[in-house]
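Colleague: Structure in structure tokens, see below.
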Amino acid sequence: MDDIDRKILGLLQNDATVPLADLAEQVNLSTTPCWRRIKALEEKGVITRRVALLDPAKMNVGLTVFIAIRTNQHSLEWLTRFQRAIDGIPEIVEVYRMSGQIDYLLRAVVPDIAAYDAVYKRIIQRIELSDVTSMMAMEVIKRTTVLPVSYAE
């Protein structure tokens, strides 16, 4: 990966709908070589997909809830059941397996506390947990989907 690829990635992260001709001009290439680079980045799995980002408030899911989960079960069987349990809950938009005091950290988006309570009940109905702690975000200070491109090799 070179500086032109990094610049293409930076530009596409900010606006994946930018016309190819404009993108090529911004990275000082003609359209065909620029298109080839994009296709190569897709084939290598660097670009995994192109999506539309929606405004959570306009989608009526303006409340973000972080759910810290601890379990006393650490088998692959339990992890598989856990993954299946949360896969069917669309309000859960991110899941991380953690080190330290918390085993899993989930991020959910919902309209209100009552909707979160329904999500919580679906989780505990589907899988046994040792401890669940929920934290409501009061304000979003920074939210981005843009990854730093300077580390890409």
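The values are calculated or read from the model by the stated rules, or taken from the named source; none is laboratory data. Note that the coordinates shown come from a computational prediction; the quantities given were computed from them, not determined experimentally. Note that we place each Cβ from the backbone using ideal geometry, even for glycine, and neighbour counts take in every protein chain shown.
Colleague: Which is assigned to a strand (DSSP E or B) and on the phi < 0 side of the Ramachandran plot, of Leu129, Leu105?
Modeller: Testing whether each residue is assigned to a strand (DSSP E or B) and on the phi < 0 side of the Ramachandran plot leaves just Leu105.
Colleague: Just the residues that are among the hydrophobic types (A, V, I, L, M, F, W, C) and under 20 Å from Lys121 (Cβ atoms), please, taken from the stretch 79-110.
Modeller: Of everything in the stretch 79-110, those that are among the hydrophobic types (A, V, I, L, M, F, W, C) and under 20 Å from Lys121 (Cβ atoms) turn out to be Phe82, Ala85, Ile86, Ile89, Ile92, Val93, Val95, Leu105, Leu106, Ala108, Val109, Val110.
Colleague: Separate question: Considering only the stretch 89-104, I want to know if a residue exists there that is surrounded by 10 or more Cβ atoms within 10 Å (Cβ to Cβ), in contact (Cβ under 8 Å) with a residue 40 or more places away in the chain and over 29 Å from Leu11 (Cα atoms).
Modeller: Scanning the stretch 89-104, I find no residue that is surrounded by 10 or more Cβ atoms within 10 Å (Cβ to Cβ), in contact (Cβ under 8 Å) with a residue 40 or more places away in the chain and over 29 Å from Leu11 (Cα atoms), so the answer is no.
Colleague: I've got another one for you. Taking Arg49 and the conditions (1) within 17 Å of the chain's Cα centre (by Cα); (2) in the same structural domain as Tyr116 (by TED's automatic domain parsing), which numbered condition does it fall short on, given that it satisfies the others?
Modeller: (2)
Colleague: Regarding Ile102, is this residue touching a helix residue (DSSP H, G or I) at 6+ places or on another chain (Cβ under 9 Å) and outside the structural domain of Gln13 (by TED's automatic domain parsing)? Quick ask: steps written out before the conclusion?
Modeller: Working: touching a helix residue (DSSP H, G or I) at 6+ places or on another chain (Cβ under 9 Å): no; outside the structural domain of Gln13 (by TED's automatic domain parsing): yes.
In short, no.
Colleague: Now, a different point. Output the qualifying pairs, or none if there are none: Cβ atoms under 6 angstrom, residues six or more apart or on different chains, first residue in the stretch 114-140 and farther than 10 Å from Val65 by Cα, second residue hydroxyl-bearing (Ser, Thr, Tyr).
Modeller: Leu129/Thr71; Ser130/Thr71
Colleague: Could you please find all residues in the stretch 113-132 being within 30 Å of His74 (Cβ to Cβ), more than 21 Å from the chain's Cα centre (by Cα) and not small (Gly, Ala, Ser)?
Modeller: Correct list: Asp117, Lys121, Arg122, Ile124, Gln125, Arg126, Ile127, Glu128, Leu129, Asp131, Val132.
Colleague: Oh, and also: Quick one: Ala118 ticks every box in (1) modelled with pLDDT of 95 or more; (2) in contact with an Asp or Glu (Cβ under 9 Å, 6 or more places away or on another chain); (3) not assigned by TED's automatic domain parsing to the domain that holds Leu79 bar one, so which box is it?
Modeller: (3)
Colleague: To continue, here is another question. Determine which single condition Ile92 fails, assuming it passes every other condition in (1) over 26 Å from Arg50 (Cα atoms); (2) in contact with a strand residue (DSSP E or B) (Cβ under 6 Å, 6 or more places away or on another chain).
Modeller: In the conditions (1) over 26 Å from Arg50 (Cα atoms); (2) in contact with a strand residue (DSSP E or B) (Cβ under 6 Å, 6 or more places away or on another chain), Ile92 misses (1) alone.
Colleague: Looking at the stretch 11-46, which of the residues that are charged (D, E, K, R) and over 17 Å from Met1 (Cβ atoms) is nearest to the chain's Cα centre (by Cα)? Break it down stepwise before answering.
Modeller: Initially, the stretch 11-46 is screened for residues charged (D, E, K, R), giving 15, 22, 25, 36-37, 39, 42-44.
Applying the additional criterion that residues be over 17 Å from Met1 (Cβ atoms) yields 15, 22, 25.
Numbers: Asp15: 17, Asp22: 28, Glu25: 30 Å.
In this case the residue turns out to be Asp15.
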